[in-house]
Structure formats: structure tokens, C-alpha cells
1. Please calculate the 1.4 Å probe accessible area of T167, with all protein chains present, and give it to the nearest 10 Å².
2. Loop only by DSSP, 14 or fewer other Cβ within 10 Å of the Cβ. Give me the chymotrypsin sites (Phe, Trp or Tyr not before Pro) in the range 1-103 that pass, ordered by residue number.
3. Magnitude of the Cβ-charge dipole of the range 330-422, K/R +1 and D/E -1, about the Cα centre, nearest 20 debye?
4. Given the peptides 356-364, 329-337, 407-415, arrange them by the average over their residues of other C-beta atoms within 10 Å, most packed first.
5. With a cut-off of 8 Å between alpha carbons and a minimum separation of six or more residues, what is the relative contact order of the range 330-422 in percent?
6. Lys and Arg at +1, Asp and Glu at -1: add these up for the other residues within a Cβ distance under 9 Å of L106 and post the number.
7. Need one number: nm distance between label points at E26 and Q6, each 7 Å from Cα along Cα→Cβ, rounded to one decimal.
8. Per 0.36 nm of contour for each residue apart, how much would the distance between R403 and A245 grow if the chain were fully extended, relative to their Cα-Cα spacing?
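The values are calculated or read from the model by the stated rules, or taken from the named source; none is laboratory data. Given the structure is predicted, the values throughout are model-derived calculations rather than measurements. FYI the Cβ positions are ideal-geometry reconstructions off the backbone, even for glycines, and counts take in every protein chain you see. Just so you know, the surface numbers come from the protein's heavy atoms only, side chains and all, with ligands and any DNA or RNA stripped out. Shrake-Rupley method; radii C 1.70, N 1.55, O 1.52, S 1.80 Å.
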Amino acid sequence: MSAPLQAIRGMNDVLPEEAALWLAFERTVENWLERWGYRNIRMPLVEQTALFRRAIGEATDIVEKEMYSWRDELNGEDLTLRPEGTASCVRAAIEHNLLYDGPKRLWYAGPMYRHERPQKGRYRQFHQYGAEALGYPGPDVDAELIVMCARLWHELGLEGIRLELNTIGSPEERARYRADLVQHLEANAARLDADATRRLHTNPLRVLDSKNPMVQEVVARAPDMKQYLGEASLAHFEGLKKLLAAAGVGYRINPKLVRGLDYYNLTVFEWISDRLGAQGTVCGGGRYDGLFEQIGGKPAPAIGFAMGCERLVALVALSGCLASPRRPDAYVVHQGEGTLEVAFALSDALRAAGFAVVQHAGGGSFKSQMKKADSSGAALALILGEDELRAAEVTVKPLRDGRPQWREPHAALAERFPQLLRVR
Ligand code: HAM
């Protein structure tokens, strides 16, 4: 026998126990998105590599070393498995002229792919929910997106997720800041590590969030971005902060927060939990007013965020707050000539009436079927033997509440079923 094949490193199966929690999480999130007026959009998992290069930026970790890219030899296209959703969402908005009649609030969900070093909370295939408000200059919608997240954490029963906020100004302001930052870093070149030295000329802003204490010490003395902001950028930030305060959403301003994608301007933010270890950022986002133009569209202001489902589901599991998965209402046990067909009909009728019914499959003794009924978590076993069949009845056996069993006629069973479930 050959060795069994395994899943690819960093790409996980979600087994039924855990998947039940995912489903509860997804239902809550999708309901919340729709209630805030965001509409679903679905984009392909594969895009032209050029889209991500142009949108995310050549000098980012994602584009430099984390993309799953290949050449499709059949038609000579360079393709990439999407590492994030914003670029595709904006591409789709441009391609289908979605903003022709005004701004749009959109959401998407699904797997993203980044060839990172896997560890707890960091995977090569991971899932995001993303929300993008396209065509809105803000800062009202900036506040909306952030407050929305705060309300979701509450709905999910999650506490202690803190908000870090920053503004990185306009591209012009950032260019001036960047020039001074590079000068400062060059003057301290001896204290930079290999990573910071490499980034010094490609993406110096990323040096700001270096984790190396020696580099951090250089960064602490670096020029302050705030000094480079013009009136409009400052007013945008002040407007946002005022709305957050009015909504009672607390935050910490982190002047070193720059995010790992190049399309941002003005508002950037991250939501962070301390309960997840090193990979504690559960949601990140910001404004990207230049992106439409950058990938060939008419200019349009926009802002959005994406949250990491693996990390949030892990938090939800820790908090134990989301409802447990739905257990079957009934497990149908059947044995004897002619009982299977009737079992099918009864199960069918109950499901059509909205009840969760598992019908035993695969044969086996009455005793083993009853064992399965019990371990299914069902409230009732509906037993159909030859005896019951002759009388056009089923035996109803409560499995959870100690009531004695009794018989019920087949006719109109679905209508009487709510009473059968109830403890008498
Ligand atoms: P991002 O910060 O790269 O932003 O990812 C957003 C979230 O996805 C992270 O905060 C994290 O929770 C999760 N995440 C990222 N990488 C991984 C990974 N390797 N394993 C597990 N979870 C991960 C974006 O993707 C932007 N598109 C967000 C955005 C939307 N900005 C504006 N609109």
C-alpha cells in the first residue's frame, strides 16, 4: 500500500465539530453585514498577477515572496491565487462599472492564499470576510466601518479586542515624510538589521513596524508622520476620531501602524486580541483613495477592511459564546420488511415541515440503531418496526428527558410533531 496523501502544509481541513462553529460564526457575520447595508459580491480565486503587483505594491512582502503565481502555458497568462480580496473587488467594480449610479457598500468572503511560514494563526490558505465602501470620501464611512466591527465583536461575545488607529496622509505628504525617514534611517544604518536595510530603499515605511528592539530604538527617534500632514488630512482624522468618540468606540493611536499593503492613504486601522499569541490581529483595513486609478479605473475614494476567520473562530471557541450547533429533532430507526420506504416518507414530511431529521442508514440491529440515535444528539427516536408498520404508527422514544415512550399514528405526524418534542 502506498503512503497516505496529506493536506498541504498551511492549508487546513475544518472537521465537522469545528465546522459547526464556523457555520454559526458565518451566519452571524453575514447577517450583520446585510444589516449594515453591505451587499455580497463574489470574485474569482484566480486573477492576473499584474493586478496584485499593481494594487498591493511591488515592494511588499506579499508580492515579493508570498504569492502563488504561475504561468498558464496554454494561453501565456501570468496568474495568481488571490492573496487578498480588495484588489479583485475594485477590479470587478471597474470592469462592471458598479459605481455608475453612486457609491456601493460591498462584502465578500472566502479563501485567500499567501506563501507565509505557517504557525498558529498564520496559514497559507486562510479565510477572510471583507467589506469595502466604494465611492465614499469619508470620514463618515471610515467611522461606520470601524464602529461596525466594534458591534460585531459584541455580537460574537468577544471582549478585549482593541483598536489601533493611524493616519498615513496623502501620497504627497507620505513622499515628503518618506524622504526624511530614509535620511534618518541612513544616518543610523549601522543599527539596522538585514530586513530593515533591505527595506530602507524599497519600502522604508515598513521599517516602522520592525519587531527588532535595536531597530525600534532607531524608529523611536524617527521623524513624526503627524508633522507632515496638511490641513485636509488632519481634518479627516479629526472627523473620524469625533465620530468614534460619539459612538463610544475607544482606540489607541499608533503612529507606527502602516499596514503591509501599499494602496493605503489617510485612515489605517487594526483590531488586535491579546488572546491569540503572536498572530493577534483579527481585522485590518484602511482607506485606498488611489487604487481605482492605479488599476486603470476612474478615480474613486474608498475604504474597507478584512478580518481573518481562523483567528476570529479561535477567539469565538475560547469565549464559548456562540450557540452550539443544531442537534437533530429526530433520529428515525427502522427495521423489518417494508419499513424503510415508510421511514423515508415520514422523514421527508418532517423535514419539509422544517424539522431536522436524521434517518438511520446502513442497516444493523435495533440495538445498534438506538445507540446511533442516542449519540446523534437527537431529541427523539422515531421507531418503525413491523409491528408499528401494521398499525400505521411509530414509537416515539424521548432520548433526553426521561419521558416514557409512546405510539403515534403516521397521519399528520408533522403537524403534531412540535407537541411531541415538548416535555409534557
Ligand atoms: P491584511 O491585513 O493583509 O489586509 O489581512 C486582513 C486580516 O486577514 C488580518 O488581520 C488577519 O486577521 C487575516 N490574515 C492575513 N494573513 C493571514 C494568514 N496568513 N493566516 C491567517 N489569517 C491571515 C487585507 O487583506 C486587506 N485586503 C484588508 C482591506 C480591505 N483593506 C481595505 N479593504
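1. Counting only protein heavy atoms, the figure is 10 Å².
2. Within the range 1-103, the qualifying chymotrypsin sites (Phe, Trp or Tyr not before Pro) (loop, at most 14 other Cβ atoms within 10 Å) are Y100.
3. 420 debye
4. Put in order of decreasing packing, that is 329-337, 356-364, 407-415.
5. 30 percent
6. Net charge around L106: +2.
7. 2.6 nm
8. 51.4 nm
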